[in-house]
1. Using the alpha-carbon centroid of each, what span in Å lies between region A:929-1006 and region A:325-377?
2. Please give the net charge around A:Thr1053, taking every other residue with its beta carbon less than 11 angstrom from that of A:Thr1053, where Lys and Arg add +1 and Asp and Glu add -1.
3. Cut-off 20 Å, label point 7 angstrom out along Cα-to-Cβ of A:Gln19: give me the residues of region A:55-72 whose amide nitrogen falls inside.
4. For each of A:Ser201, A:Ser1066, B:Ser50, count neighbouring Cβ atoms within 10 Å of the residue's Cβ, then give the residues from fewest to most.
5. Can you give the extra length, in nm with one decimal, that the chain gains between A:Ser156 and A:Lys216 once fully stretched, where that is 0.36 nm per residue apart less the Cα-Cα distance?
6. Give the Rg (one decimal place) followed by the Dmax (whole number) of region A:968-1054, computed from C-alpha coordinates and expressed in Å.
7. Could you state the principal axis extents of the C-alpha atoms in region A:1049-1155, from the largest down, to the nearest angstrom?
8. Count the net charge of all other residues whose Cβ sits under 14 Å from the Cβ of B:Leu18, scoring Lys and Arg as +1 and Asp and Glu as -1.
Amino acid sequence: MALKMVKGSIDRMFDKNLQDLVRGIRNHKEDEAKYISQCIDEIKQELKQDNIAVKANAVCKLTYLQMLGYDISWAAFNIIEVMSASKFTFKRIGYLAASQCFHEGTDVIMLTTNQIRKDLSSPNQYDTGVALTGLSCFVTPDLARDLANDIMTLMSHTKPYIRKKAVLIMYKVFLKYPESLRPAFPRLKEKLEDPDPGVQSAAVNVICELARRNPKNYLSLAPLFFKLMTSSTNNWVLIKIIKLFGALTPLEPRLGKKLIEPLTNLIHSTSAMSLLYECVNTVILCVQKLRILIEDSDQNLKYLGLLAMSKILKTHPKSVQSHKDLILQCLDDKDESIRLRALDLLYGMVSKKNLMEIVKKLMIHVDKAEGTTYRDELLTKIIDICSQSNYQYITNFEWYISILVELTRLEGTRHGHLIAAQMLDVAIRVKAIRKFAVSQMAMLLDNAHLIASNTQRNGICEVLYAAAWICGEFSEHLEEANQTLEAMLRPKVTTLPGHIQAVYVQNMVKLYASILQQKEQAGEKEAAQEITQLMIEKLPQFVQSADLEVQERASCILQLIKYIQKLQVKEVPVAEEVIALFAGELNPVAPKAQKKVPVPEGLDLDAWINEPPSDSESEDEKPKTIFHDEEQRHSRHRQPEIDEEELARRREARKQEQANNPFYIKSSPSPQKRYQDTPGVEHIPVVQIDLSVPLKVPGMPMSDQYVKLEEERRHKQKLEKDKKKKKQKKEKRGKHHRHNSLHTESEEDIAPAHHVDIITEEMPENALPSDEDDKDPNDPYKALDIDLDKPLADSEKLPVQRHRNVETLKSPDSEALLVEKKSKKPKKKEKKHKEKEREKGKKKEKEKKVVEEEEEKKVICQDLHCLKSKSSKHKKKKHKKEKEEKSKDKKKSKKKSHHSEEETTESVQNGTLDDEPLPPMSSYRLLAENPYIKMTYDIQGNLQNDSQVTVSVIFENKSTSFLKSMELNVLDSLNTKMLRPEGSSVHDGIPVPFQLPPGISNEAQFVFTLQSIVMAQKLKGTLSFIVKNDEGSTHEKLDFKLHFSCASYLITTPCYSDAFAKLLESGDLHMNSIKVDGISISFQHLLAKICFHHHFSVVERVDSCASMYSRSIQGHHVCLLVKKGENSVSVDGKCSDSTLLSNLLDEMKETLSKC
Amino acid sequence: MWKIHFILLFSRQGKLRLQKWYTTLPDKEKKKIIREIVQIILSRNQKTSSFVDWKDLKLVYKRYASLYFCCAIEDQDNELLTLEVVHRYVELLDRYFGNVCELDIIFNFEKAYFILDEFIIGGEVQETSKRSAVKAIEDSDMLQETVEEYMNKPAF
């Protein structure tokens, strides 16, 4: 849109607009990157031009490129320029670009503060809207602090359009600047009862979002929300309120009861599925209803049904378990999302009775699964399901081990370590299973080549780690120890990862030791020597390992074995001593035990025990970390079997020792560390074997067998046919593939094959029971945990910038702000320099220096304006431009230069009707001027207050001196008064909140109150200031007349033609008309002028006739009918106030007569 | 009570058509996420559900003609409502452009953003009425037209 107006100017005819760019990119599919880099070069050129329309076009194109993934952060400054364009068309593009590419790290962002503030208070609601939208994307803590008050004011704007946006942005502000929550909350609460449903819903939204994070602070709002819930018919609002109650109910149980009725009503009455889902989600009334959702053919509803069910599961597991069939069915769904949800559900649904069946089903899925992610997910789920609550549901650990072994056949899984951890955990903690486990592990080691064959399976080779350790540690259970040892010594082993090899090396010694003992006891000396020889032959391959750990262990052990060989030659029995190296029992320790060791009284862990070591000494400690944690447990001494009492005594003694040893906490690597990822580590459980299950299954185990066996076992338990057990089993073993998953017994009937006694975790004495370390201190919402019921203290005010709102007293807050701003000065300056250099790199060094020096002196406040004046006003070009403007000013007297009118360069003579661009227009008029200073001003109606207008004055320092201590004062009339700080008299001036270095301009705003707006007003005033230069300081004054035209009380308000027609028909309006002759400009220009200078908008236009509309700040409607004849224009006006109308028409007449 | 983390529009070929982020992330991260998500969603069968778990968020997506609309929401958020949001946005686009197609969004991508901004602000729905959202856009379009563009428009 903005682009069409570009067309008129010849030098810009070749610019690409956005559509051209898009088309170009589509036409250059082959060399897109090249084409785009060419476009970016063009854009860079365009950005260098002064014309804001060209810049906006360029920024628009950049925004598109940003989406394609190109970096446009270099144009941040140009984006700000476009944001500050006076025309909405451009402004909107600027804000869009900013919201797409600015983030907290964008340093130019702080330059936008004043621009945004200006837009927020713009009389045009869409300016305000676009600024709010932009803010929502890139608000930073600084912006939030500086603008919080402005946004809060906007929450009470007259237009719901602005109110609702402001309310929503407030949430972002709270997040970035939590201090604003308390001062702003009362107003936010008010908005819950806003007459506009949109604003109301926005407020509900924000409060719900706040309450979700910290529900307890919002309990007091429950009655209000309850009222809303029963009265509102807006589903969007209802959903939010119901969610809010979901968060509040746990804190106030009585709420639950109260909610049942309205929620039931909603569930029965609503037709909106989303609302229904929300209700069901909040109050779990009917699982049956969910079943309907899950059975639905719509995949989305199915998904949600499963999701809701998993929530119910947490509180009412029984009610969900009856739907197991349905959920298992969902596992077969072709949609992965649904399968994953179903898996979640299964986790909570397993029982002793159905565990095997469910896992079996999952194993089938593992085989079928295509994507590795889903398969990995299945794998973790299987392990989670089985190991949950300390293996609560496992009745047969042999089955579990077989499952784990089967899982090792998975290709390319990442979770080898999970399986390994489970194997270790089970083997260590379930004593009765060790024999079986060891046999399985030996088989794994034997088939290691399958597992470690290709690199893709790397993840799975972790299980070899577990296998090697289990075989070594429990080698006494090994039947074919020789064979296993040989498997471990295969050359292939050296291709395994270092940490696994290390475990191999360590455990082959354990194996060796037990074989040695065996052979010696049997008197087979030859065999014993043979095995020693084998070790000596094979170990060197590990000594050569590149892995330090492996190498070191291997060489130690090699030496040891060589020594043993010597002894063996002398026929000395060595086995007893070798085996003693690995004596000792392992006890699982609770994961948090180390943390919970209380600090003994009188021990100060921070105090130095010795003098602080020098830097070089501290390095000595490092080598310790080279050793893996695993090493610790191998070097433990095996103690002979001891009774429980003895064990307890020793544990006590150890604790005492640890407590008294100040080094214990620091230097001993926590032995329990490696258990941390295994769920629920307990003290060794006591397991009784049910001998009805044969312990050995030939060949690779098939977990299916166990399912079958388990069924049989249960069946038999039930029938109590103890004697014939074994026979029956043999008979049935042949029919493994037949299924019978019908279980009729109740849970209680099933006696587990292995009893697992649960003993509480081993914890140090006096351990603190609390688990406070679980909280995350970095939670961004924690900052918003603020008590809102406490009354506001005086000090709790949002920071207000003094010169913006003249009525506000100088508060300590704002002063702090100013100071803060000043302290930021160097950074901003730096930035500006950079920008400037980028922009006008070709400019002469001298000029640059001057500017820089000036900047050094400048007070940073109105960032953007300063920037702008700096970037343009120091050029000779600019001076020329100003002259041009002045000459135009004379011609058209009322059109004065806008401070930011880059577009003034488009002076146009040609006049084809369609392409005719508009002459430059600015609403800023000259206020007064002398050799030192020039003041231009603009008056805008204040939307928040029907009896206030804001006068924006731009002060431009024309001299080479420094201007300071500026003070503006006016002589109040009865009707119109300047708003002064409380307590000051009518004769006091208002200080201008900045100083002006030479050539710099800046803008300040002053608020005036008025009673009647039907007449134009003139106020006399004076600006006093101090001129400071090398010769010294002089006091100067400049008088002016501030002209409040009636048009300045009007606010551009769009109006639809039907509303307009109604207004005219109503007959409440007074009528008046004027006619102006000698009009030479086109009708378009004429309308544009009326729109611009008199704040009207076009309602309808037919040929050379147009209807226009505007509204005053006090709500007067003004309607115009403008007709153009040959050389004349007639304007018929209708207005609710006749004086206002005649004054307005007079002003218009004056404007038109100059055309 | 829900919050959209970001909205992506992309074509069946995986070309991004619109991205709106309601959480601030570095550009690199954004690009990575976009690539990942586009791939996940495009690889999904058409008959599957509209929800995908992704990291700690949920993706809710829907395909309209050749264009995928995808929202990332938080775990506790209501998926169906998000689908309605997506649908509402499509309706808004349709109302504004009239029989909206992918090309409308490509060539007038800034309008698509403006409409989105009128509908959702900071990840929250701000306007549930279709009429007022479109009206706001048209009014602000008209605003720029009254000043500048007006002359180039045919009488209405």
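Taken together, the values in this text are just the output of simple stated rules run on the coordinates, not laboratory data. Bear in mind that the values here come from a model prediction, so they are computed numbers and not experimental data. Note that each Cβ is placed from the backbone with ideal geometry, even for glycine, and that neighbours are counted across all protein chains shown.
1. 74
2. Combined, the nearby Lys, Arg, Asp and Glu give +1.
3. It comes to A:55-65, nothing else.
4. A:Ser1066, B:Ser50, A:Ser201
5. 18.9 nm is the gain from fully extending A:Ser156 to A:Lys216.
6. Reported Rg and Dmax, both Å: 15.8, 55.
7. Computed over region A:1049-1155, the largest-to-smallest principal extents equal 34, 26, 22 Å.
8. +1
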